[in-house]
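J.: Sharing a structure with you now.
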Amino acid sequence: METNLKKLSALGLLVTFGIVFGDIGTSPLYVMKAICAATPDYGPDYIIGAVSLVIWTLTLQTTIKYVLIALRADNKGEGGILALYSLVRKGGKKWLYVLAAIGASTLVADGVITPAITVTTSVEGLQAIMPHPPVIPLAMVVITLIFIAQSQGTSSIGRMFGPAMLAWFVMLGVLGAANLGHAPEIFKAFNPWYAVKVLVDYPGWWLILGAVFLCTTGAEALYSDLGHCGRRNISVAWLFVKLMLILNYLGQGSWIIAHRGHIGPEVNPFYAIMPHWWLLPGIIMSTIASIIASQALISGSFTIFSEAMNIDFWPRLRIKYPSSVKGQLYIPSVNIFLYAGCILTVAIFQTSAHMEGAYGLAITITMLVTTVLLAIWLRQHGTGRLAVAAFLVLFVIIEGVFLCANLFKFMHGGWYTLLIAGGMAAIVISWKQASRIRSRYFTFSRISDKIDTIAGISADREIAKYASNLVYISHSQSESEIESKIIYSIINKQPKRADHYFFLRVEYTDEPYTLEYSASELLEGKIFSIGMRIGFRVEPRVTLYLRQVVEDLVAAGKLDLLSEYPSLRSRNIPGDFRFTVIHRVFSPSSDCLPSERRIMTLYERLRRIGLDTTDALGLDTSNTTVENVPLILASKNKPKRITPCCKTPFPDNFTANGFLPDF
C-alpha cells in the first residue's frame, strides 16, 4: 500500500478498515456460540460475566497492549513479531531468536486455521434458511478462490475492502443495538466484577476463557499490519471498530439471556439476532468479511516469510510482485502451503464448532512471545524498570491464564496448530543454527594483501582472459576483507584474468524498502568493492542494480567499461560481465559433533526447497558460474598426520609449506 495512506486521513481510515481489522472483526461470528457451548446450563449471570470478559479482554489485550504500546514499536514503519525481534536483537541476548522463531511459527499456524474457521462459519449461516446446505464443498470452493486470487495481486479488489468492512462493522453495531432491549441487564457487563465472578462461580473456567480468547485473536495480526496503514489510522479506526464489536457482543448476550433454554447447539446467536428478511444479505456480508479477513492474513503470512528470509530464519523462496502497489508481494510456495493447510483443516474438522478447539492455542504463544520482546524493547527505549516489570507481570499473567485455558483444547484440536507451529519452529531454529555453524568456518583474507597478485594476473597476457568484467558474490561484512575461497578461485584454482574485478557484498536488511549501495576503489580503475543493502519488500534484481552502479562509476570517471579488445573498442562496445558464486557444500567427511552433523545434513536438505544463490539474487544465469567447494567442519582435535610406510623419497630438508595452495 502506498506510504501516503499511513497519514491520518479519511482514505487512510477507510483502507485501514479493510486491511487491519478483518481477523478481529469477524470474531463475533463464533465467539458467543463458543461461550454458550462452554457451559450449556447457564443463567443470566453467566452470559453477563462472559460478555464482561470479552469487553475487558478487548480493552486490556487489544487496546492497551497492542494499540497503545505495540504499535509504537515499529521497524521503519513495519510491525509484527519479526519486526519487533529485529529491533531488540542487536541489544538483546542471542537466544532471543528462539523466542522469535516460536512466535512467528505459531502466528503462521494461526494463519492456516483462521481462513478455514471464518469461511466455514459464514457458510454455515445457510443452515438458518435451508436444510442441510453443502457447507463443506462451498467452504472449500470459497477458500480455493481466495488463494487463486493471490497470484493476481490484490490492488484492484483491495479498493473494495475498506467500504465492505466499514459496512460490515456498521451492520455489527446496528444488529447489536437493535437487540439490547431483550435484556437491558446486559449493560452490567461493563463492571469487571462480573468477569471475575463468572470464573469463580462456574467450575469450567478454562472452557469459558478458551471461548472468550477467540475475541482477541486478531490483535497480533493488527500489529503485523502496521506497515500498511500506520499507527494513527489504526488507533483512530480501532475506536470505532471496538464500539461496533462491543455493541454486537452486548446484543448477542441480551438475545441469549432472553432465549436461554431454547437455544440448541446448532444455533449461532450471531445469525439468530438478525431479522429473517436480513439473513441472506447477512450471510453474504459475513462471507465477504471472511474473505477479506483471510486475504489480510495470507498477505501477512507472505510478509512474515519475506522478513524471515532476510534475517536468515528460512531458505530463500521465489517472491513475485504481482502489482505496482509498493511492497505488495506474493510467494507461490507459501500460498500453496497455506491453501493445503486450510483445505486439510476443513476436511479434518468439518464444522466451525470443531475448529474452535484448534483455534487460539497457537496465537496465545505468539502473544506471550510478543509480551517478552515488547518488555525488552521498552527497557531499551528508556522505560523505567518498575513500569516494564508491571507491564510484563500483568500481561504474562493474563496471557498465561489464557494459555492454560487453551491447553485444555489440546486433545480437541489444539494439537493441530501446535503440530504445524512445532514443525515450522524446528525448521527455523535448525536453519539458524546451521547458518551460525557455517559462518564459523568462513575464513577471510585482507584484500590489500592480494591486490598486487590480482593486478599481475590481469596484466599477464600468457593467461587466457576469463572475462572482461569479473564479479564475485562475497559474504564478507567488510569491504577490506574477502573470503579465502574467492582468493583461491582467482589465483589458485584457475588463474582468472579480467580487465576489472568486482567484489559484490549483498546484505538483506530487516527494513522494508531499503535499496542502496556503496562503492570503493581498491585499485584505481581495476578492482572495486561494492556493497548493496536490499530491504525485505524490495525485489532482489542484483544484475539490474549492479548495472546502475557501474553506470554511476563510469559517469564519475572511475571505470572505463569499453572492451579491451581493439576490434570491439573501436566500435565503442562494452566488455562482457561474468558472475561467479562460491557455493559451500557440507562435506560428509567432516570431523564434527553428531549434533552439528545432524543440523548440517538437515540444512542441506532444506536448502533444496529454496532458491539457489543465482536465482535468489536475480542474477543472469547465462553468464553466472557456480563453483562448489566442500565445507569441512573440524572438531577441536587435530587430525592424525599420515606417515610414510617406507623410506621417504624426499630430502630431509624438504617442506611443502608455501607451495601448496589452501584447498
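The values are calculated or read from the model by the stated rules, or taken from the named source; none is laboratory data. What you see is a predicted model; the values in this text were computed from it and never measured. A quick note on method: Cβ atoms are made from the backbone with ideal geometry, for glycine too, and the neighbour counts reach across all protein chains shown. Each accessible area value is taken on the protein alone, full model and side chains, heavy atoms only, with ligands, DNA and RNA left out. Shrake-Rupley method; radii C 1.70, N 1.55, O 1.52, S 1.80 Å.
J.: Here are the criteria: (1) surrounded by 19 or more Cβ atoms within 10 Å (Cβ to Cβ); (2) more than 30 Å from residue 631 (Cα to Cα). Tell me which single one residue 555 does not satisfy.
T.: Result: residue 555 passes all but (1).
J.: On to the next question. Looking at the stretch 434-448, is at least one residue open to solvent by 20 Å² or more (accessible area, probe 1.4 Å), of a type in the set (Phe, Trp, Tyr) and farther than 30 Å from residue 100 by Cβ?
T.: no
J.: Shifting gears a bit: Just name the residue that is least open to solvent (accessible area, probe 1.4 Å) out of those in the stretch 560-589 that are outside any loop (DSSP other than H, G, I, E, B) and among the polar types (S, T, N, Q).
T.: Out of the qualifying residues, it is 580.
J.: Oh, and also: Just name the residue that is modelled with the lowest pLDDT out of those in the stretch 212-241 that are touching a Gly at 6+ places or on another chain (Cβ under 9 Å) and of a type in the set (Gly, Ala, Ser).
T.: 227
J.: For residues that are of a type outside the set (Gly, Ala, Ser) and in contact with a helix residue (DSSP H, G or I) (Cβ under 7 Å, 6 or more places away or on another chain), scanning just the stretch 515-527, find the one that is least open to solvent (accessible area, probe 1.4 Å).
T.: Let us first name the residues in the stretch 515-527 that are of a type outside the set (Gly, Ala, Ser), namely 515-517, 521-524, 526-527.
Filter once more, so that each one left must be in contact with a helix residue (DSSP H, G or I) (Cβ under 7 Å, 6 or more places away or on another chain): 517, 522-523, 526-527.
Details: 517: 103, 522: 49, 523: 54, 526: 54, 527: 0 Å².
Applying the filter and picking the extreme gives 527.
J.: A further question on this structure: Looking for whichever is touching a helix residue (DSSP H, G or I) at 6+ places or on another chain (Cβ under 8 Å), surrounded by 14 or more Cβ atoms within 10 Å (Cβ to Cβ) and in contact (Cβ under 8 Å) with a residue 60 or more places away in the chain here; the options are 495, 512. Which one fits?
T.: On the way: 495 fails: in contact (Cβ under 8 Å) with a residue 60 or more places away in the chain.
Going through 495, 512 in turn, the sole match is 512.
J.: Determine which member of the set 71, 60, 53, 84 is open to solvent by 40 Å² or more (accessible area, probe 1.4 Å) and either part of a helix (DSSP H, G or I) or more than 22 Å from residue 334 (Cβ to Cβ) (or both).
T.: Going through 71, 60, 53, 84 in turn, the sole match is 60.
J.: Continuing with this model, one more query. Would you please name the residue that is nearest to the chain's Cα centre (by Cα), looking only at residues in the stretch 358-374 that are among the small types (Gly, Ala, Ser) and in a helix (DSSP H, G or I)?
T.: Filtering the stretch 358-374 for residues that are among the small types (Gly, Ala, Ser) and in a helix (DSSP H, G or I), the one nearest to the chain's Cα centre (by Cα) comes out as 362.
Results for (1) over 18 Å from residue 619 (Cβ atoms); (2) free of Cβ contacts under 8 Å to residues at least 60 places away in the same chain, shown as yes or no for each residue.
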{"site": "502", "(1), (2)": "no, yes"}
{"site": "505", "(1), (2)": "no, yes"}
{"site": "530", "(1), (2)": "no, yes"}
{"site": "540", "(1), (2)": "no, no"}
{"site": "553", "(1), (2)": "yes, yes"}
{"site": "558", "(1), (2)": "yes, yes"}
{"site": "578", "(1), (2)": "no, no"}
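J.: Here is a follow-up. Mind checking whether some residue in the stretch 314-331 is touching a residue at least 40 places away in the same chain (Cβ under 8 Å) and in a helix (DSSP H, G or I)?
T.: Going residue by residue through the stretch 314-331, those that are touching a residue at least 40 places away in the same chain (Cβ under 8 Å) are 314-330.
Within this subset, residues satisfying the condition of being in a helix (DSSP H, G or I) are none.
No - not one qualifying residue is present in the stretch 314-331.
J.: Looking at the stretch 326-354, which of its residues are closer than 28 Å to residue 78 by Cα, at pLDDT below 85 and open to solvent by 20 Å² or more (accessible area, probe 1.4 Å)?
T.: Selection gives 326, 328, 330.
J.: Does residue 461 satisfy being open to solvent by 60 Å² or more (accessible area, probe 1.4 Å), without any contact (Cβ under 8 Å) to a residue 12 or more places away in the chain and more than 30 Å from residue 632 (Cβ to Cβ)?
T.: Against the criterion (open to solvent by 60 Å² or more (accessible area, probe 1.4 Å), without any contact (Cβ under 8 Å) to a residue 12 or more places away in the chain and more than 30 Å from residue 632 (Cβ to Cβ)), residue 461 qualifies.
J.: For the stretch 599-648, how many residues are modelled with pLDDT of 75 or more, more than 15 Å from residue 441 (Cβ to Cβ) and of a type in the set (D, E, K, R)?
T.: Selection size over the stretch 599-648: 7.
J.: Within the set of pairs 6 or more residues apart or between chains, which connect a residue that is at positive phi inside the stretch 342-368 to a residue that is of a type outside the set (Val, Ile, Thr) and open to solvent by less than 40 Å² (accessible area, probe 1.4 Å) with Cβ atoms less than 6 Å apart?
T.: 360/213; 360/214; 360/406
J.: Name every residue in the stretch 468-509 that is farther than 21 Å from residue 442 by Cβ and modelled with pLDDT under 85, in order of residue number.
T.: Passing the criteria: only 494.
J.: Pairs under 6 Å by beta carbon, first residue farther than 16 Å from residue 289 by Cβ and hydrophobic (A, V, I, L, M, F, W, C) in the stretch 229-249, partner open to solvent by less than 10 Å² (accessible area, probe 1.4 Å) and not in a helix (DSSP H, G or I), six or more apart or different chains?
T.: What qualifies is 229/20; 234/20.
J.: Here is a follow-up. Tally up the residues in the stretch 249-271 that are over 16 Å from residue 48 (Cβ atoms) and either open to solvent by less than 10 Å² (accessible area, probe 1.4 Å) or among the acidic types (Asp, Glu) (or both), please.
T.: Total satisfying the criteria: 2.
J.: Criterion first (under 30 Å from residue 69 (Cβ atoms), buried (at least 16 other Cβ atoms within 10 Å of the Cβ) and in contact with a Lys or Arg (Cβ under 6 Å, 6 or more places away or on another chain)) does residue 230 satisfy it?
T.: Judged against the criteria, residue 230 is a match.
J.: Among the residues of the stretch 166-186, are any farther than 28 Å from residue 295 by Cβ, in a helix (DSSP H, G or I), open to solvent by less than 20 Å² (accessible area, probe 1.4 Å) and in contact with a Ser or Thr (Cβ under 8 Å, 6 or more places away or on another chain)?
T.: yes
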